[in-house]
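Written below as structure tokens is the structure these notes are about.
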Amino acid sequence: MKRIAVLLAEDHTIVRQGLRLLIEADGDIEIVGEAKTGREAVQMTGVLRPEIVVMDIAMPLLNGLEATKQILKAFPSTKVLILSAHSDPEYVEQVVKVGALGYLIKQSSGEVVAKAIRELQKGKTFFTPSIAQRLQDEYQKSPDGVGLRKKSGIKLTSREAELLQLIAEGHVNKQIASELGISIKTVEKHRQHLMGKLNIHEIAGLTRFAIAAGIIESSVQSTIARDAS
């Protein structure tokens, strides 16, 4: 029997190891790789071509939502299952918007995670029951049946979102240049453009914006904002 190939993207080693044991317990699913950052998840998807990527939202260097967007753009046949500690409507809306087919909270059992993987492999969706109900309610409320309510505000490109996350995580221009594979001068140019677009010209303000936009977690940002002050 051919096993379902899964890439596990989770930055906490102990959580990743536990998930691996739980997911592979039934024998029909195989973890073909483990990514510790969002950027690794994108790169490893290109190399390993898993059928399913199980992705945490709060990933360093590149958050899970942006990583999901990049994976689905480059490898549209890959399916992404988001596994997060958060069930806030804002997170759920963003997950649906970027194209992930499933969303589970981390309190889910290994059996439920494995079931979700199997459903996604069949081309179906799978959401934690409370989230599924919320999505259904939103669709029913929508007069045109299109779905979730749309948010107004500034929209960032993928490159701008990457840059914002790295800045908010405390990386200096040299580190950002190395991570993105561009020159320091180009980083400085992109940074100035981003600040101008957002009309935010200090690190703490960019950090607060990144939190509000769901690009990084508030717990991570609190530490960074204190360090930057």
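The values are calculated or read from the model by the stated rules, or taken from the named source; none is laboratory data. Worth saying up front: this structure is predicted, and the values here are computed from it rather than measured. Note that each Cβ is placed from the backbone with ideal geometry, even for glycine, and that neighbours are counted across all protein chains shown. For the accessible areas, the whole protein counts, side chains as well, though only heavy atoms, and no ligand, DNA or RNA atoms are used. Shrake-Rupley method; radii C 1.70, N 1.55, O 1.52, S 1.80 Å.
Looking across the range 23-38, the residues that are part of a helix (DSSP H, G or I) and open to solvent by 10 Å² or more (accessible area, probe 1.4 Å) come down to Glu24, Ala25, Asp26. Has the range 200-207 got at least one residue that is among the aliphatic types (A, V, I, L, M), touching a residue at least 40 places away in the same chain (Cβ under 8 Å), under 17 Å from Leu61 (Cα atoms) and in a helix (DSSP H, G or I)? The answer is yes, given that some residue of the range 200-207 is among the aliphatic types (A, V, I, L, M), touching a residue at least 40 places away in the same chain (Cβ under 8 Å), under 17 Å from Leu61 (Cα atoms) and in a helix (DSSP H, G or I).
Considering only residues that are modelled with pLDDT of 50 or more and among the acidic types (Asp, Glu), look in the range 143-174 and name the one that is most open to solvent (accessible area, probe 1.4 Å). So that I can check it myself, show each step before the final result.
If we filter the range 143-174 for residues that are modelled with pLDDT of 50 or more, which is where we start, we get 153-174.
After this cut, where a residue has to be among the acidic types (Asp, Glu) as well, the list is 160, 162, 169.
On the way: Glu160: 21, Glu162: 16, Glu169: 44 Å².
If we take residues in the range 143-174 being modelled with pLDDT of 50 or more and among the acidic types (Asp, Glu), then Glu169 is most open to solvent (accessible area, probe 1.4 Å).
Regarding Val6, is this residue in a strand (DSSP E or B) and open to solvent by 10 Å² or more (accessible area, probe 1.4 Å)? So Val6 fails the test.
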